[in-house]
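All remarks here apply to the structure that follows.
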Amino acid sequence: MNSPSTRVFINAKPCTLACPATLADAVAWLGIQPPFAAAVNLQFVPKHLYAQTVLKNADAIDLIAPVTGG
Amino acid sequence: MTHAVSETPPDVQSTSPQPDPLVLYGQAFASRLLLGTSRYPSPAVLQAAVRLAQPAMLTASLRRQNLGASDSAHNTFWNLLTELNVPVLPNTAGCHSPQEALTTAHMAREVFATPWIKLELIGDDYTLQPDTLRLVDVADRLIKDGFKVLPYCTDDLVLCQRLVDVGCQAVMPWAAPIGTGKGPLNPYALRTLRERLDVPILVDAGLGVPSHACQVMEWGLDGVLLNTAVALAQDPVGMAQAFAWATRAGRSAFLSGAMPEQHSAQPSTPVLGTPFWHHT
């Protein structure tokens, strides 16, 4: 029997995380190193809320880092 | 033989420039030049350009980092920003909806640990013209959230007035579309902004050569924000220096007050006593 999972998109790439999945799990899956920031379904999530932000199927997670800009 | 040399001649001392800081949201900056960090040939060239130009702020942005991508590029940039120790102005470049801009601004505030935000809300991809119909509302919401908003906008007077009305303590009208290097396309509009607005006006986008920067500063605008004109020059470091000089020259000219333009020629050498001049 398959264990329950949550299917989400991390930076537009499909990803399957063990259920219950949090934003902290998504960050660990991507392996992104600080500094970075996160948003779920276009809503900013501050760092201190990662572990308590539970993800649902089809959630869109954006993890973004500093780059050059004009 | 020895020469008596005065270390600071009195006439030089008396003409030394007075402090003339750019004040944004109550914070004083020694420079009136803001510099973008994109499109340089290398991080080393960017670093050298910044050291020479000594800008008030450096703009930066945020982008997705994908699985398996090397961390080196963004770490290099982050380390460079930290080392340069110039205030960072994050932007919301590429945002096409109010929610994208709002979320990006909040993410930038956490990453860069700053309330400053260069608000970009793009309304047209061909010209990169700001979405002037929705910009004011986004600026309003960010200011209420505690941001120091520097809105990238057009040179439309009423738009700029509305941005000021909602609490923007500076505006950043374009001179021309981003990256075109065309220089100020509508001098009347920019000069009218100077006449009508009491807040600092920073010309953002479209400047191509130092004379463009000097020109808008001569009109009394308060500063310029450059990226492509420096980064894509054959010698970006030299061009950064040239823009810094031009910005200062234009500001100094504005403060000094230009002579009134006249229609007819006026001899600069006195006419009285001109030799070989006989009345007929």
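The set of residues in segment A:17-35 that are modelled with pLDDT of 95 or more and of a type outside the set (A, V, I, L, M) comprises A:T22, A:D25. Of all positions in segment B:183-195, at least one carries a residue that is closer than 16 Å to B:T247 by Cα, over 11 Å from the mean Cα position of the chain (by Cα) and surrounded by fewer than 20 Cβ atoms within 10 Å (Cβ to Cβ).
Determine whether B:C153 is over 23 Å from A:G69 (Cα atoms), of a type in the set (A, V, I, L, M, F, W, C) and surrounded by 24 or more Cβ atoms within 10 Å (Cβ to Cβ). For B:C153, the condition - over 23 Å from A:G69 (Cα atoms), of a type in the set (A, V, I, L, M, F, W, C) and surrounded by 24 or more Cβ atoms within 10 Å (Cβ to Cβ) - is not met. For B:Q129, the stated conditions hold: it is of a type outside the set (G, A, S), over 29 Å from B:Q241 (Cβ atoms) and more than 10 Å from chain A (Cβ to nearest Cβ).
Please go through segment B:76-121 and give me each residue that is more than 9 Å from chain A (Cβ to nearest Cβ), over 23 Å from B:Q169 (Cβ atoms) and not in a helix (DSSP H, G or I), ordered by number. Result: B:N85, B:G94, B:H96.
Of the strands (runs of 3 or more DSSP E) lying entirely inside segment A:1-57, those carrying at least 2 residues that are closer than 25 Å to B:S61 by Cβ and more than 8 Å from chain B (Cβ to nearest Cβ) are A:5-10. Just name the residue that is nearest to B:V203 (Cα to Cα) out of those in segment A:37-70 that are hydroxyl-bearing (S, T, Y) and in contact (Cβ under 8 Å) with a residue 12 or more places away in the chain. Per the criteria, the residue is A:Y50. With respect to the conditions (1) under 24 Å from B:A242 (Cβ atoms); (2) modelled with pLDDT of 95 or more; (3) of a type outside the set (K, R), B:A205 lacks only one, and its number is (2).
The values are calculated or read from the model by the stated rules, or taken from the named source; none is laboratory data. Predicted model only: the values in this text are computed from it and were never measured. Glycine gets a Cβ as well: all are built from the backbone with ideal geometry, and neighbour counts include every protein chain shown.
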